[in-house]
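Only the coordinates and a few stated rules stand behind these numbers; no lab work does. Everything numeric here is computed off the predicted structure, so don't read it as measured data. Don't worry about glycine lacking a Cβ; one is built from the backbone with ideal geometry, like all the others, and counts go over all protein chains shown.
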Amino acid sequence: MAAALPEGDPVPSDGALPSPALEGLGERGFGVYIHVPFCASRCGYCDFNTYTASELSFSAGDYVDAVLAEIKLASGILAHPVETVFFGGGTPTLLPTDQLARLLDAVRDTWGLAPGAEVTTEANPESVSPASLKALREHGFTRISLGMQSAAPGVLRILDRQHTPGRAIAAVEEARTAGFKNINLDLIYGTPGESAADFESSLELAIGSGADHVSAYSLIVEDGTRLAARIDRGEIAQPSDDVAADRYLAAEARLSAAGFEWYEVSNWARFEQARCRHNLLYWRGGDWWGFGPGAHSHVGGVRWWNVKHPRTYGQRLASGVSPGHGREILTASERRDEHVMLAMRLASGLPLDEIDVSKVEDGLLDVRGGRATLTLRGRLLADAVIRSLLT
Amino acid sequence: MIQPGATDPAAIRNFCIIAHIDHGKSTLADRMLQLTEVVDPRLMRAQYLDRMDIERERGITIKSQAVRMPWKVREGERAGSQAVLNMIDTPGHVDFTYEVSRSLAACEGAVLLVDAAQGIEAQTLANLYLALENNLTIIPVLNKIDLPAAQPDKYAEELAHLIGCEPEDCHRVSGKTGEGVPHLLDEIVRKFPPPVGEADAPARAMIFDSVYDIYRGVVTYVRVIDGRIEARDRIKMMSTGAVHELLELGVISPEPVKSKAIGVGEVGYLITGVKDVRQSRVGDTVTINSRPAKQALGGYKDPKPMVYSGLYPLDGSEYPDLREALDKLKLNDAALVYEPESSAALGFGFRCGFLGLLHLEIIRERLEREFNLDLISTAPNVVYRVLMEDGEEVVVTNPSEYPTGKVGEVYEPTVRATVLTPNDFVGAVMELCQGRRGSLRGMDYLSADRVELRYSMPLGEIIFDFFDQLKSRTKGYASLDYEPSGEQAAELVKVDILLQGEPVDAFSAIVHKDKAYQYGTTIAAKLRELIPRQQFEVPIQAAIGSRVIARETIRAIRKDVLAKCYGGDITRKRKLLEKQKEGKKRMKMVGRVEVPQEAFIAALSTSESAGDKGKK
């Protein structure tokens, strides 16, 4: 079961955008997100919009056809070379590589990829092989993001992950061999039962793997997940924010010592070119079209999101109707709030003429060169800083 | 029926029933209504008079405050003679001692009604003493003799011991079956003295209750002592000199019956059209304007609030509604006083004075239930009299207004407390009372296994969860009554609670110096649990003046960030942020510390209850 979609205004059946939203298209960057809602099995902590084979009578081919139809619909609405493509899920690499290639080709054929475009796919370590990685690389994928989560078997078990600790590291090596330069490892910290040493060893392995990017997230217990139910029943302890804070500090210490630099509160990269340009697009208020069931899009202050279920999604497109479930046309003040909310989380921070730093408690912002950026303590209290700035 | 205004005082018996709640007063009253045939058998229903009270609450009918019942004596030497019985109700709680005393003063006799399965309770005992002080003749009655658990012999001993009669003098009745009730009515006529007064003297009638009715205005219940009041008279309130036109005069039987007049010894109601019970006060003397009495009847007292508490609307915008609600309640409650106050922590509200804890609870409940208000009330406190070294006197009704200069003596109100307990719990009760600075004034065995303990105690100690403690230490068996007994000097201090060095006015308390530490640690620990962690460490201190006596720390929050914020999270996150911004507006700021309103409510809610509740 996935988290509920926001309420919103209806989306016109042809998916049309108000013309002001299309002004300056491309000046804010333009990307494509493709949501692949399939997983081999459902992880207990996950509330994403994803389905296992047994939950779905909807083939990979049907799904790809539907996304191709949405690309066709979008092609009539906007046109601009695509700078970043991101396949997320779900587990995109559960799709046969040629199907992923069909989707990427359609994007390329419709809008063209800008020179040096970043093309990322997420993958689970157990869902890739040297051959599949090689094929992806050959089809134009430039970046791979692997869900390592932890090096501790006990933690992987609580998270219901299917891979063994060594598999993610091996997958990094295979990806490098296949020609990928940009490789991310996702880590989850603060899982109940995870020791400080567990997390240290996860970091150590991730750093030593040769990945040039690490995303580290504290475990969030989402309502309605199996993990939430197990915590409610007392089978598993509630994750502690203080422990999560300790882990975050450990991540920063280890990663920065190894030459990684934070550029967003949960993201570290070895050098500037290793940063995820697609995610930066989100955080800088850029434009992107999200394809696939439940995918979110943003173009020029209009945010919309597709219907969640793959079958409904397919039916809408088969009858020539936009799969958009709802949208919101942001007011100027909502756009400003989002700007502060997103930009403040970045290492680049915000210029002083956009915010009133006196509203923020001492020690959370580093003010220099006309900009304010989060201090290390400020990164751990980023939401509080943002609330102070916006209240 | 003998007509009101034309009844020979020798035929009149004015009496009340002193009983504890659940001891069967209402059921006994039902039997009396039936036997005296004042209620049509087809209209009879259980707890007839109580039902009228409920209706009265809704403002429909007049309270059955004093029921006039004709009775033809059935047995004995007076058999066949016609009497008029006026059964006068008494308010049922410890907070209303004065009102009880006025009701008793309207009677010549009291039926002491005790459950034959439970024995007498402290509050009943206190009212019995009050009746004896008023020179009332007592008829002891054991009720519920039909119950298998009844022990009439045992409790007859107890009652005989208490009032100095023989166990055989205790009547045995069953309100449920009616057994013994006709005999009791005969006995009321035989034993209770008739009222005595001067029929030709200027009229003097004592107000023993005064009730606001939304349709009729104030309905005043009086007992005529001397002279007579006629329907066309203009009456005068002797305490204020105010003169009112009489719109209606009558008796309750048990529905209101208009009458031409009421004379010596009679009980009736007056309606003048006034809208506020303060203009028709319990204990005041009513006379006739055209021929006024020279001297009022004794015993009139202004109601004096004993317990204060700040009442604040949860939603600050409801302040005008709270004011309006209090103004309305005041019409029917001469004892309720209030004035606006503001608290840095709680905003705008009213400091309200009450007769006691139950009175406070009743008012609070009515404000919430009838006026739909959500309220925060501060911990109740008593009134302190502070003598400064320079001789100035300051009366403190709000601890945060305790004077800061050189304090000489501090006086606190005291009460005479009576506790009845099975003798197994005497030790536990004594320990509790001593812990509350009580001093033992006497101890009596009511029977082989029931003990009456009399203490002098500060009222301030009673209003702080004493009753709950008493009940829990005696497995619910002990009962409590108390009445004001003056004041005493005591070593009292004001304890302030500070958040990050800022005093929080709502938590200031005046306590005995030996208890200051306990109060400080308790509140500080409570607040540590209730206030969410802030971006910085928040010390919570309890202090007497500048001296810190207890300290807790709310550790700074270390993590307040959602790790993930990708394309699909943005709308959800912005909406959450908007919600949090709204939430932040409802936070009360104490210095830099954000305190959720719920924390104030939870910290201020103590488990204290208000003594024996309900009516007898």
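Laid out as a table, the results:
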item: Anisotropy class of chain A from Cα gyration tensor, a/c 1.5 cut; result: rounded
item: Computed [θ] at 222 nm, helices only, for chain B once each DSSP H run of length n ≥ 4 contributes -39500 (n - 2.57); result: -7500 deg cm²/dmol
item: Distance in nm between pseudo-label sites at A:SER19 and B:ASP468 (7 Å out along the Cβ direction from Cα); result: 6.9
item: Selection of GluC sites (Glu not before Pro), region B:481-582, meeting DSSP coil and at most 13 other Cβ within 10 Å; result: B:GLU491, B:GLU537
item: DSSP bridge pairs, chain A: antiparallel proportion in percent, nearest 5; result: 40
item: Fewest-first sequence of B:SER239, A:SER127 by Cβ atoms within 10 Å of each Cβ; result: B:SER239, A:SER127
item: Sorted by Cβ density within 10 Å, fewest first, the residues B:THR522, A:THR191; result: B:THR522, A:THR191
item: 10 Å-binned pair-distance histogram of chain B (Cα, whole percent); result: 3, 15, 22, 23, 18, 11, 6, 2, 1, 0, 0
item: Long-range HN-HN contacts of B:ALA550 with modeled amide H, under 5 Å; result: B:ALA542
item: Cα gyration tensor, region B:385-490 - rounded (a/c under 1.5), prolate or oblate; result: prolate
item: Lys/Arg +1, Asp/Glu -1 at C-beta; the protein assembly as shown dipole; positive extreme among B:PHE467, A:ALA171, B:ILE17; result: A:ALA171
item: Whole-Hz ³J(HN,Hα) from phi, Karplus 6.51 cos²θ - 1.76 cosθ + 1.60, for region B:223-239, glycine and proline x; result: 10, 6, 9, 10, x, 8, 10, 10, 4, 9, 6, 9, 9, 10, 8, 6, 6
item: In Å, descending, principal axis extents of the Cα set of the protein assembly as shown; result: 124, 66, 57
item: Under Karplus coefficients 6.51, -1.76 and 1.60, residue-wise ³J(HN,Hα) of region A:336-349 in Hz, glycine/proline x; result: 5, 4, 5, 4, 5, 4, 8, 5, 5, 6, 8, 5, 6, x
item: Among A:VAL221, A:VAL302, A:VAL360, residue whose mean-square fluctuation peaks in a GNM of chain A (springs only between Cα atoms under 10 Å); result: A:VAL360
item: Residues whose placed amide H lies under 5 Å from that of B:GLY408, excluding near-sequence neighbours; result: B:LEU387, B:MET388, B:GLU389
item: Reachable lysines from B:LYS72, criterion Cα separation under 16 angstrom, eight or more residues apart if same chain; result: B:LYS191
item: Loop sites in region B:186-223: chymotrypsin sites (Phe, Trp or Tyr not before Pro), DSSP, at most 14 other Cβ within 10 Å; result: B:TYR215
item: Extreme residue, positive dipole direction of chain A, given options A:LEU104, A:LEU346, A:SER322 (C-beta unit charges); result: A:LEU104
item: Dipole axis of region B:518-604 (+1 Lys, Arg; -1 Asp, Glu on Cβ), positive-most option in B:VAL548, B:GLN518, B:PHE600; result: B:PHE600
item: Dipole in debye (nearest 20) - chain B, about Cα centre, beta carbon charges: Lys, Arg +1; Asp, Glu -1; result: 1940
item: Highest-MSF residue in chain A out of A:ALA74, A:ALA16, A:ALA168 [GNM, Cα springs under 10 Å]; result: A:ALA16
item: Three-way shape label, region B:414-462, alpha-carbon gyration tensor, a/c 1.5; result: prolate
item: Cβ crowding within 10 Å averaged over residues, with A:31-39, B:373-381 ranked highest first; result: A:31-39, B:373-381
item: Rounded to the nearest 20 debye, dipole of the protein assembly as shown from Cβ charges on Lys, Arg, Asp, Glu; result: 1020
item: Alpha-carbon centroid distance for the pair region A:245-308 / region A:1-43, whole angstrom; result: 16
item: Residue-averaged beta-carbon neighbours from other chains (10 angstrom radius) around A:379-391; result: 5
item: Column: log10 I(q)/I(0), Debye, Cα scatterers of region B:164-227, q = 0.19, 0.26 Å⁻¹; result: -0.88, -1.03
item: Loop GluC sites (Glu not before Pro), region B:390-425 (other Cβ atoms within 10 Å of the site Cβ: 12 or fewer; DSSP); result: B:GLU392
item: Karplus (6.51, -1.76, 1.60) ³J(HN,Hα), θ = phi - 60°, over region B:432-446, in Hz, Gly and Pro reported as x; result: 4, 5, 5, x, 9, 6, x, 10, 5, 10, x, 8, 9, 8, 6
item: Rounded FRET efficiency, nearest 0.05, which uses the C-beta distance separating B:VAL243 from B:LYS513 and R0 of 60 Å; result: 0.70
item: Which of B:MET44, B:MET32 has the fewest Cβ neighbours within 10 Å, and the rest in rising order; result: B:MET44, B:MET32
item: Value of D in µm² per second that Stokes-Einstein yields for region B:308-377, Kirkwood Rh from Cα pairs, at 25 °C (0.890 mPa s); result: 208
item: Restraint check, A:LYS308/B:LYS579; A:LYS72/A:LYS308; B:LYS328/B:LYS513; A:LYS359/B:LYS559; A:LYS359/B:LYS573, Cα-Cα greater than 29 Å; result: B:LYS328/B:LYS513
item: Placed amide H near B:SER508: partners under 5 Å, 5+ positions off or other chain; result: B:ILE497
item: DSSP bridge orientation in region B:61-145 - percent antiparallel, rounded to nearest 5; result: 50
item: Choice from A:TRP283, A:TRP111, A:TRP304 with maximal GNM fluctuation in chain A (Cα, 10 Å cutoff); result: A:TRP111
item: Gap separating the Cα centres of region B:470-507 and region A:76-98, nearest whole Å; result: 70
